[in-house]
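The values are calculated or read from the model by the stated rules, or taken from the named source; none is laboratory data. A quick note: this is a predicted structure, and the numbers were derived from the prediction, not measured. Positions of Cβ are backbone-derived with ideal geometry, glycine not excepted, and every protein chain shown enters the neighbour counts.
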């Protein structure tokens, strides 16, 4: 069973909880996901099973779309509503035009500070471990990109917006930065991942549905259908299966090779000799 399942993660469980439950359902330890969702968050969690785990890195790099909600007038240590309250302020009176202007100011590339309550490691220790032990640490920063951002609703102390972001973008940190530009404070009140790459929330399944076998898994071939796919004969199959360098005939960043309608390998351009391609991932079939 080498397949991908789109899970609609429920609130108040971790991404690791989802994987643990799927380990039990499918009786395999070889399961991974392609982008952590906070416990408060719901929505698309792309899960790879067995040989499909070799796709985790590739799928993690895809864009992610969220619907996020800001609660104004409150600041917490975790930058979301589940954290300890650090500060409260009167609810500001904002104009929609100003909110839209601030949201649009985040379009494009920028440098974002990683939140202290995250699993990113510094000197071999996860940041949240520093936070829980009240140890000061310099928070790492990284480049992110906002491709689209749109105000959906503003009412009293709640701002709801939709955003399409690059890999590694923390919506909690984005919300904190938005509030700073609005000259107020706020925290993430709710978060839904509506899309990852081409995978949509309406095509995902709850754990209860998966337990009851009411779901449709995706094959490696289906997941990789955005890439050029080439069918191999038997001679070519053994060459590709054994990881041989091949001529770069299509100049595609990634090329997928099939044998008997199953994915055998993904090849990528060889950096040392761009006239060749080398294995990116090879799959057992």
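Quick notes
- Where residue 145 falls short, out of the listed (1) surrounded by 13 or more Cβ atoms within 10 Å (Cβ to Cβ); (2) without any contact (Cβ under 8 Å) to a residue 60 or more places away in the chain; (3) over 24 Å from residue 103 (Cα atoms): (3)
- From the options 160, 138, residue that is more than 16 Å from residue 180 (Cα to Cα) and surrounded by 14 or more Cβ atoms within 10 Å (Cβ to Cβ): 160
- Unmet requirement for residue 208, which otherwise passes all of (1) in the same structural domain as residue 11 (by TED's automatic domain parsing); (2) touching a strand residue (DSSP E or B) at 6+ places or on another chain (Cβ under 9 Å): (2)
- Filter result (in a strand (DSSP E or B) and surrounded by 13 or more Cβ atoms within 10 Å (Cβ to Cβ)) within the stretch 95-113: 110, 112, 113
- When residues in the stretch 95-138 are screened for being in contact (Cβ under 8 Å) with a residue 24 or more places away in the chain and in contact with a helix residue (DSSP H, G or I) (Cβ under 9 Å, 6 or more places away or on another chain), 14 of them pass.
- Here residue 254 fulfils each of the conditions (1) more than 25 Å from the chain's Cα centre (by Cα); (2) in contact (Cβ under 8 Å) with a residue 12 or more places away in the chain apart from (1).
Yes/no per residue for (1) at pLDDT below 95; (2) in a strand (DSSP E or B); (3) farther than 30 Å from residue 10 by Cβ:
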site	(1), (2), (3)
194	no, yes, no
209	no, no, no
216	no, no, no
226	yes, no, no
229	no, yes, yes
255	no, yes, yes
280	no, yes, yes
284	yes, no, yes
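- Residue satisfying condition, being loosely packed, with under 13 Cβ neighbours inside 10 Å and either in the same structural domain as residue 46 (by TED's automatic domain parsing) or closer than 23 Å to residue 13 by Cβ (or both), within set 119, 131: 119
- Residue within the stretch 53-74 that is in a loop (DSSP other than H, G, I, E, B) and farther than 23 Å from residue 151 by Cβ present: yes
- Being within 24 Å of residue 285 (Cα to Cα), free of Cβ contacts under 8 Å to residues at least 60 places away in the same chain and surrounded by fewer than 17 Cβ atoms within 10 Å (Cβ to Cβ) is a condition met by at least one residue of the stretch 57-75.
- In the set (1) buried (at least 20 other Cβ atoms within 10 Å of the Cβ); (2) closer than 24 Å to residue 116 by Cβ; (3) out of contact with any helix residue (DSSP H, G or I) (no Cβ under 7 Å at 6 or more places or on another chain), the condition left unmet by residue 39 is number (1).
- Selection count, the stretch 4-15, where residues are over 13 Å from residue 207 (Cα atoms) and out of contact with any helix residue (DSSP H, G or I) (no Cβ under 6 Å at 6 or more places or on another chain): 1
- Residues of the stretch 231-253 that are surrounded by fewer than 16 Cβ atoms within 10 Å (Cβ to Cβ) and part of a loop (DSSP other than H, G, I, E, B): 233, 242, 243, 244, 245, 249, 250, 251, 252, 253.
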